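Trainee: Please read through the structure below; I'll follow up with questions.
The values are calculated or read from the model by the stated rules, or taken from the named source; none is laboratory data. Keep in mind it's a predicted model, so treat the numbers as computed, not measured. Cβ sites come from the backbone with ideal geometry, for glycine too, and all protein chains shown count toward neighbours.
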Amino acid sequence: MTRLVSRLAWLALAVLGALALGVVALRRGEPINALWIVVASTAIYLVAYRYYSLFIATRVMQLDPRRATPAVLNNDGLDFVPTNQHVLFGHHFAAIAGAGPLVGPVLAAQMGYLPGTLWLIAGVVLAGAVQDFLVLCISTRRNARSLGDMVREEMGQIPGTIALFGCFLIMVIILAVLALIVVKALAHSPWGMFTVMATIPIAMFMGLYMRYIRPGRIGEISLIGIVLLLASIWLGGAISTDPYWSGVFTFTGVQITWMLIGYGFVAAVLPVWLILAPRDYLSTFLKIGTIAALAIGIVILSPELKMPALTQFIDGTGPVWKGALFPFLFITIACGAVSGFHALIASGTTPKLLANETQARYIGYGGMLMESMVAIMAMVAASVIEPGVYFAMNSPPAIVGADTASVAAAVSHWGFAITPEALEGVARDIGETTILARAGGAPTLAVGIAQILHQVLPGEDTMAFWYHFAILFEALFILTAVDAGTRAGRFMLQDLLGNFVPALRRTDSWGANVLATAGCVALWGYLLYQGVVDPLGGINTLWPLFGISNQMLAGIALMLCSVVLIKMKRQRYVWVTLLPAFWLLICTTAASLIKLFDPNPAVGFLALAKKYAVALDAGQVLAPAKDLGQMQNVIMNAYTNAGLSVLFLVVVFSILFYALKVGRAAWIVEERTDKETPFQAIPGA
Amino acid sequence: MFNDLGRMGKYLGQAARMLVGMPDYDTYVEHMQSKHPDQPVMSYEDFFRERQEARYGGGKGRPVRCC
């Protein structure tokens, strides 16, 4: 009887989710309340967790509660420690939730809230959470091996190296894109610049304190750090109104770029306890707190969505990023729907801490669902601000002009009515001189968060405080990611180059370390610089590249899972990973080919290069380049980006080739051929 | 009741520390004492430093966080 009641309750939840989704998808013309999206996604995620992840756990992977995990077998109290599943959920979630679920949906809002929301919901349930879950499972059954190692073991040495190379590429692009977001948010913003710069001495103080004064007291020092951060936000406000000091802290995008590159190099060479670790603590706690506050704020406020469900830009002519709904929507939103990078994390520290493999369902599948909820919140936050403000903030000056009058005119012309006074009003509200040309998602999200929190906790001038709080929290964890990512990138580079020059692999060699760090920073620094000086707008170009590389890695991870399923003789269920892998391959291939060969110079890299090269030969300067030097820049950038797109195609198709080869060979064999560690029962169970 | 509150506090502290990758020290001590009684047990300070190093780049260099 109770089973029937339970089934009926789940059916009711599913119906609720379907109804809410119906309202979201079908209501046109009148604005709908954000809670419809929240209810739809929550209900659908719960149902998916209850049924689909259980299906995968019991039928597909056949997870065994009696099987000892690497944490149990190799327990050393340090790296391998069987950890309480809720505690581990927090650890895994903190690792996967970064800037991605916040920025992607904000950018995708260009097409209206509907396409992004639908992709988030469908993508995470069928692809993203499946990837995270399965990669965690197979890594746990292989003594917590990393993704690259697993590809090497199951598919061969060459695909393994190619996969590692792909991981390194993504790392470099992510670092460049994240740094670009920070540059866009802080350019010409003395308040923001001061607050973010203040995090360095605050982190150093915390680091020294934790090292020498009160070793290991994380909670205590984090509280002190947060108080100091809040004080720096307040002080930043005072500075921004002072004529002299605001001048001191106002920097252009290019200046900030050089500062970031220098910082990236120095920080990655310094000891971890000095800046990176304290900053990591601050950013993690702030991140979790802000996400929780945003969720609570949205639920309390139940704001109305001002962005329409669909805008005209689904045809690909959007100002924020160019590209039609297919395939570029699926490239723009990665984290939150499906993100290849998560496969690296799911085969990182989490499998070493998993106490029982049946818990992988909660942590792997559930963790990704939670991140998708964060992405949904970000979509809501971006959609509750005036669409006119959204487009004014995110469109490059090359398209809409550089002053409020021309921007307001251009944006209103698209159908999103806005006045120059309104734009200036928002800028004043958030304590900035301008909100124009602040693409990259972070400032838009900050405005959305500020508006929501300001309405829940009203007060004079608090909107400016919340805006800068939101910018600070994003900048903080982006800079932490840049620092940690450069270090990780350095190891990857040393690993990769070590294949050719073995001496470089030695991580204890100071020379090799500096060389590899410099190499890694040079790579992302070059892409960053390119993005900042690109007269066509860096986010415009770099974000699709990032999205393509991320989905490419997800495709690789899902192909690995498919190969493993076939080798395990669970091949009748291989559609679970094969269908999403297939979808991702279609999206990344289509996107790469379009980016390469589309004849429209606004979309295709080669067409762009050709247009500017022809003009350069004729001695012309094409807008928005201002001189012949900038013309060269544009051409060089276009070729670099084209080269990257080609690299992605090569990587993903090589892995596909090997996956098909190995998969086909394993399909016809009767016995299992996968390289799982043999079953060992939990001792004393 | 205070026992329960104490345990909950300890549990929440563990959860907060695992958010930033710092495992539980008491668990480590217990493990060392029961499985390797002959080996020296690191002090909390040394444990803390060792785990911090390991998280951010002591050789394996696996990325610890996503975008």
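Trainee: Applying the selection to region B:21-49, what residues are within 7 Å of another protein chain (Cβ to nearest Cβ) and within 10 Å of the chain's Cα centre (by Cα)?
Mentor: B:Gly21, B:Met22, B:Pro23, B:Thr27, B:Tyr28, B:Tyr44, B:Phe48
Trainee: Of the residues A:Ala337, A:Ala277, only one is modelled with pLDDT of 95 or more, closer than 22 Å to A:Phe93 by Cα, within 25 Å of the chain's Cα centre (by Cα) and not aromatic (Phe, Trp, Tyr); which?
Mentor: A:Ala337
Trainee: When region A:176-217 is examined, which residues are found to be out of contact with any Pro (no Cβ under 6 Å at 6 or more places or on another chain), touching a residue at least 24 places away in the same chain (Cβ under 8 Å), within 14 Å of chain B (Cβ to nearest Cβ) and farther than 30 Å from A:Ala437 by Cα?
Mentor: Matches in region A:176-217: A:Leu208, A:Met210, A:Arg211.
Trainee: On to the next question. Do we have B:Arg17 as in a helix (DSSP H, G or I), among the charged types (D, E, K, R), more than 7 Å from every other protein chain (Cβ to nearest Cβ) and under 19 Å from A:Met210 (Cβ atoms) here?
Mentor: no
Trainee: Could you check region B:23-48 and list, in sequence order, the residues that are in contact (Cβ under 8 Å) with a residue 24 or more places away in the chain and either of a type outside the set (Phe, Trp, Tyr) or exposed (fewer than 13 other Cβ atoms within 10 Å of the Cβ) (or both)?
Mentor: Selection gives B:Pro23 alone.
Trainee: Can you tell me which of (1) within 25 Å of A:Pro396 (Cβ to Cβ); (2) of a type outside the set (Val, Ile, Thr); (3) more than 14 Å from every other protein chain (Cβ to nearest Cβ); (4) in contact with a helix residue (DSSP H, G or I) (Cβ under 7 Å, 6 or more places away or on another chain) is the one A:Trp524 doesn't meet?
Mentor: (3)
Trainee: Among the residues of region A:350-362, count how many are surrounded by 24 or more Cβ atoms within 10 Å (Cβ to Cβ) and among the hydroxyl-bearing types (Ser, Thr, Tyr).
Mentor: 1
Trainee: One residue is enough: does region A:326-334 have a residue meeting the conditions buried (at least 20 other Cβ atoms within 10 Å of the Cβ) and more than 27 Å from A:Val447 (Cβ to Cβ)?
Mentor: Within region A:326-334 (the criterion being buried (at least 20 other Cβ atoms within 10 Å of the Cβ) and more than 27 Å from A:Val447 (Cβ to Cβ)), the answer is yes, since at least one residue qualifies.
Trainee: Do we find that A:Glu357 is closer than 27 Å to A:Pro31 by Cα, more than 14 Å from every other protein chain (Cβ to nearest Cβ), in contact with a helix residue (DSSP H, G or I) (Cβ under 8 Å, 6 or more places away or on another chain) and among the charged types (D, E, K, R) in this structure?
Mentor: For A:Glu357, the condition - closer than 27 Å to A:Pro31 by Cα, more than 14 Å from every other protein chain (Cβ to nearest Cβ), in contact with a helix residue (DSSP H, G or I) (Cβ under 8 Å, 6 or more places away or on another chain) and among the charged types (D, E, K, R) - is not met.
Trainee: What are the residues in region A:28-37 that are in a loop (DSSP other than H, G, I, E, B) and surrounded by 14 or more Cβ atoms within 10 Å (Cβ to Cβ), if any?
Mentor: Answer for region A:28-37, where residues must be in a loop (DSSP other than H, G, I, E, B) and surrounded by 14 or more Cβ atoms within 10 Å (Cβ to Cβ): A:Pro31, A:Ile32.
Trainee: Within region A:278-290, restricting attention to residues that are surrounded by fewer than 22 Cβ atoms within 10 Å (Cβ to Cβ) and β-branched (Val, Ile, Thr), which residue is farthest from the other protein chains (Cβ to nearest Cβ)?
Mentor: Within region A:278-290, the match that is farthest from the other protein chains (Cβ to nearest Cβ) is A:Thr290.
Trainee: Any idea which residue in region A:324-350 is farthest from the other protein chains (Cβ to nearest Cβ), counting only those that are in a loop (DSSP other than H, G, I, E, B) and of a type in the set (A, V, I, L, M, F, W, C)?
Mentor: The extreme case among them is A:Ala324.
Trainee: Enumerate the helices (runs of 4 or more DSSP H) found wholly within region A:419-502, keeping only those where 3 or more residues are out of contact with any His (no Cβ under 7 Å at 6 or more places or on another chain) and in contact (Cβ under 8 Å) with a residue 40 or more places away in the chain.
Mentor: A:442-456, A:462-498
Trainee: From the residues in region A:463-492 that are under 17 Å from the mean Cα position of the chain (by Cα) and charged (D, E, K, R), which one is nearest to the other protein chains (Cβ to nearest Cβ)?
Mentor: The selected residue is A:Asp483.
Trainee: Quick check: is even one residue across region A:559-581 crowded, with 18+ Cβ neighbours inside 10 Å, under 27 Å from the mean Cα position of the chain (by Cα) and modelled with pLDDT under 95?
Mentor: no
Trainee: Scan A:Val501, A:Val514 and give me the residue that is more than 13 Å from chain B (Cβ to nearest Cβ), of a type in the set (A, V, I, L, M), surrounded by fewer than 17 Cβ atoms within 10 Å (Cβ to Cβ) and over 23 Å from A:Leu178 (Cα atoms).
Mentor: None of the others qualify; the one that does is A:Val501.
Trainee: Of the conditions (1) part of a helix (DSSP H, G or I); (2) buried (at least 16 other Cβ atoms within 10 Å of the Cβ); (3) among the hydroxyl-bearing types (Ser, Thr, Tyr), A:Thr507 clears all except one; give me its number.
Mentor: So the condition that A:Thr507 fails would be (1).
Trainee: Mind checking which helices (runs of 4 or more DSSP H) fall wholly inside region A:194-279 and carry at least 1 residues that are closer than 16 Å to A:Leu479 by Cβ?
Mentor: In region A:194-279, A:218-241, A:253-269 are the helices (runs of 4 or more DSSP H) which contain 1 or more residues that are closer than 16 Å to A:Leu479 by Cβ.
Trainee: Residues being exposed (fewer than 13 other Cβ atoms within 10 Å of the Cβ) and more than 31 Å from the chain's Cα centre (by Cα): count how many of those fall in region A:406-416.
Mentor: Total meeting the criteria: 1.
Trainee: Where residues in region A:236-258 are touching a helix residue (DSSP H, G or I) at 6+ places or on another chain (Cβ under 7 Å) and more than 28 Å from A:Trp524 (Cβ to Cβ), which of them is farthest from the other protein chains (Cβ to nearest Cβ)?
Mentor: A:Trp245
Trainee: Would you please name the residue that is surrounded by the fewest Cβ atoms within 10 Å (Cβ to Cβ), looking only at residues in region A:363-403 that are of a type outside the set (Gly, Ala, Ser) and closer than 15 Å to A:Ala48 by Cα?
Mentor: Within region A:363-403, the match that is surrounded by the fewest Cβ atoms within 10 Å (Cβ to Cβ) is A:Met370.
Trainee: Here is a further query. From the list A:Ile256, A:Ile226, exactly one residue is touching a residue at least 12 places away in the same chain (Cβ under 8 Å), surrounded by 17 or more Cβ atoms within 10 Å (Cβ to Cβ) and under 25 Å from A:Tyr281 (Cα atoms). Which is it?
Mentor: Only one candidate passes the filter, namely A:Ile256.
Trainee: Do we have A:Ala268 as crowded, with 16+ Cβ neighbours inside 10 Å, within 14 Å of another protein chain (Cβ to nearest Cβ), under 22 Å from the mean Cα position of the chain (by Cα) and modelled with pLDDT under 90 here?
Mentor: When the stated conditions are applied, A:Ala268 passes them.
Trainee: For region A:493-535, how many residues meet the condition of being farther than 30 Å from A:Lys626 by Cα and under 20 Å from the mean Cα position of the chain (by Cα)?
Mentor: Going through region A:493-535 one residue at a time, the tally reaches 1.
Trainee: If you don't mind, there's one more thing I want to ask. Cβ-Cβ under 7 Å, sequence separation 6+ or interchain: first residue in region A:555-578 and among the charged types (D, E, K, R), partner part of a helix (DSSP H, G or I). Which pairs?
Mentor: Hits for this filter: A:Lys567/A:Glu154; A:Lys567/A:Ala666; A:Arg570/A:Val60.
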